[in-house]
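The values are calculated or read from the model by the stated rules, or taken from the named source; none is laboratory data. Here the structure is a predicted model, which is why all the values come from computation and not from measurement. Every residue, glycine among them, receives a Cβ derived from its backbone with ideal geometry; neighbour counts consider all protein chains shown.
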Amino acid sequence: MSHQFTPVQWNGFKWRYDAIVLFGTILFVAVFVGLTMASRQPGESLAPVQILIRAFGAAAFLLLNIILSIGPLARISARFKPLLYNRRHMGVWCFSLALTHAGLTLMWYQGFSALNPVVALFASNVQYTSIAGFPFESLGVAALILLAMLAVSSHDYWQAALGASVWKRIHMGVYVAYGLLVMHVMLGIVQEEKAEFYPASVIGLFCIVAGLHIFSAFTGRVTDRRVKASLDGWINIGPPDKIAENRAKIVRTESDARIAVFRYDGKISAVSNVCAHQNGPLGEGRIVDGCITCPWHGWQYRPEDGRSPAPFEEKISTYRVQIDGGMVYVHPDPLPPGTPTKPAVIDEAANV
Amino acid sequence: MSKTPKKDEFFVGYNAKLSSADRRAMILTAGIGLVGVALGGAKAAVHQQGWGSGDWDMGEVRDIEGIVEQTPYPVLRTAALDGQMRSVSLVCSSKCGASAILAPYEGKPVWVRGTVISRGRHRLLAVVDNQDWLGDAKNAVAAPPVEEEYLGLAALNGEILDAKCWAGAMRPGSGKTHKACASLCIRMGGTPWFVAKDKAGKRAIFVLTGPEGEPLREEVLAMVGEPVRASGKLMRRDDLVQFRVDPAVIQAV
Ligand code: FES
């Protein structure tokens, strides 16, 4: 499995997940277009392109809110974890919807003139100092460019090439795009329409997304407090029997690293909690066939030296452990990835 | 390492098999999500404002004869059955203006070919600018002098819009999301109209001009498509009423 990129496999769950997202999008657009046409007053005429512009824009915005809610939901309850797995497909799909919205808008509103539509878009309105007249289109363009970059780099290939933590930092850009889009919607269609439903629903969605993030950060911190090392530098993580067999306990050090301390075959070993593949939480995995197995895509590491079994060559950091007076201690300084360490042997007799 | 998925509940990531509790949670989530999505789409659809009664029948190309008049934007004056003169605004089919091509025909009887854009009593002809659309009139055309009448001073609230978009090229052809479009149309030679609305929501349409009835374009671009207030003179020319304002006194509201 070495450093080249290994695509994550498809499976039935993922297919069903994507099918539901696709169906949801079609449902939204169909209901919106259908009811817009059905609620037309006598004498009014409609422009189908303008209805589609609204339908796709609204669908993309709604989907982005859903996507951003999944992360905190999964942190709040493990039940929602399966939702994490196709988030990236949703992101790419969201970008496609936004692109359709932008393409139709550009073609319809800025096409048909002697000017290039893109030039026309930016030249048409330059009232950046006005709220009533603000060229909200430019906010949408900025968000679209960000979403495009995220969509292109969402492939596992880029995650492998950039390294999981750089990749993750880049993908935090989705929050910038979200902020831009909230303003795009507020200064655009919400300013135009009279019904309170529009500002209320945009602000409502924003509050849900922000609230979930705050709530999950709050509850997350309670269960995952940073643990101080004692004076001699070791962290006490309690008696060995508090760790389930073939499972781990995760500790967060003062320098904000997470360590997975595993118990297996009467021994204790500690490794970094971060999987070398895509930063999966190894401490939520378990030992299978003598190897720590990542819960995300099943990469494996030997607990004693943090190395993947041959022929693979992945390495993660290991940590020193010891048992003293019936307590397990782990040293918070990581050893270089792949460094063999001596597992601490649980002395059953001493434990009694 | 082995790539074969293990049949084990914790392998959420790459194993298709969810625990039955997880599966129930996912089905419930998907169900709630889909109902929410459908409700959201329905609500977003029904709360929209009206789309206006503008219409553009692009299928029916007609030839109309009349007198070309460009004070300040191109119109074709035609005699209605009752003998009254009607003004049909002449606009491009795309986003441009017809003034330059019409200039040599000022005051002359012509035939013009185009498609009709209409909203309420307002008529525009979008000339088919990709083919021959203009020539000397083949029939005798009535040409009474323009009837002009000063109607007084007015201070009005409303929106500056492109005549063609508002009257049917765009539905809706007003409001914030349409602002950039209206501004492009007017910049490229479209006719600016002032769509005034009083407190009761009653609407009146005026041709927007400078203080002496001269054309306005670049001067009003910044104000297009937003709620504004302006004061000036109302001047009737045949069946069109001009709102003559100094662009400097147009204010955002
Ligand atoms: S993150 Fe993919 S296997 Fe660990």
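Restricting the range A:228-259 to residues that are assigned to a strand (DSSP E or B), under 21 Å from residue A:346 (Cα atoms) and of a type outside the set (A, V, I, L, M, F, W, C), which is nearest to the ligand (Cβ to nearest atom)?
A:249
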Would you please list the contacts, defined by Cβ atoms under 9 Å and residues six or more apart or on different chains, that run from a residue in the range B:35-57 that is under 12 Å from residue A:58 (Cα atoms) to a residue that is among the hydroxyl-bearing types (Ser, Thr, Tyr) and in a loop (DSSP other than H, G, I, E, B)?
B:45/A:39
From the list B:115, B:78, pick out the single residue that is under 28 Å from residue A:105 (Cα atoms), not assigned by TED's automatic domain parsing to the domain that holds residue B:199 and not in a loop (DSSP other than H, G, I, E, B).
B:115
Tell me yes or no: at least one residue of the range B:145-156 is closer than 22 Å to residue A:193 by Cβ and either surrounded by fewer than 24 Cβ atoms within 10 Å (Cβ to Cβ) or within 14 Å of chain A (Cβ to nearest Cβ) (or both).
no
Checking the structure you have, find out if any residue of the range A:179-194 is loosely packed, with under 15 Cβ neighbours inside 10 Å and within 14 Å of chain B (Cβ to nearest Cβ).
yes
Within the range A:118-137, take every residue that is part of a helix (DSSP H, G or I) and either of a type in the set (Asp, Glu) or surrounded by fewer than 18 Cβ atoms within 10 Å (Cβ to Cβ) (or both) and give me the one that is farthest from the other protein chains (Cβ to nearest Cβ).
A:118
Filtering the range A:85-117 down to residues that are more than 8 Å from every other protein chain (Cβ to nearest Cβ) and of a type in the set (Ser, Thr, Tyr), which residue is surrounded by the most Cβ atoms within 10 Å (Cβ to Cβ)?
A:105
Go through the range A:272-290 and give me each residue that's surrounded by fewer than 20 Cβ atoms within 10 Å (Cβ to Cβ), away from the ligand (no atom under 11 Å from the Cβ) and either away from chain B (no Cβ under 12 Å) or among the charged types (D, E, K, R) (or both).
A:289
When residues of the range B:86-111 are limited to those that are surrounded by fewer than 21 Cβ atoms within 10 Å (Cβ to Cβ) and among the basic types (Lys, Arg), the one modelled with the lowest pLDDT:
B:86
Given (1) within 16 Å of the ligand (Cβ to nearest atom); (2) more than 13 Å from residue A:329 (Cα to Cα), identify the lone condition not met by residue A:262.
(2)
Top-ranked residue in the range B:16-54 [being more than 7 Å from chain A (Cβ to nearest Cβ) and assigned to a loop (DSSP other than H, G, I, E, B); ranked as modelled with the lowest pLDDT]
B:17
Going through the range A:138-154 in order, the residues found to be of a type outside the set (Gly, Ala, Ser) and not in a helix (DSSP H, G or I) are none
Got a number for residues in the range B:239-253 being at pLDDT 90 or above and either within 14 Å of chain A (Cβ to nearest Cβ) or on the phi > 0 side of the Ramachandran plot (or both)?
2
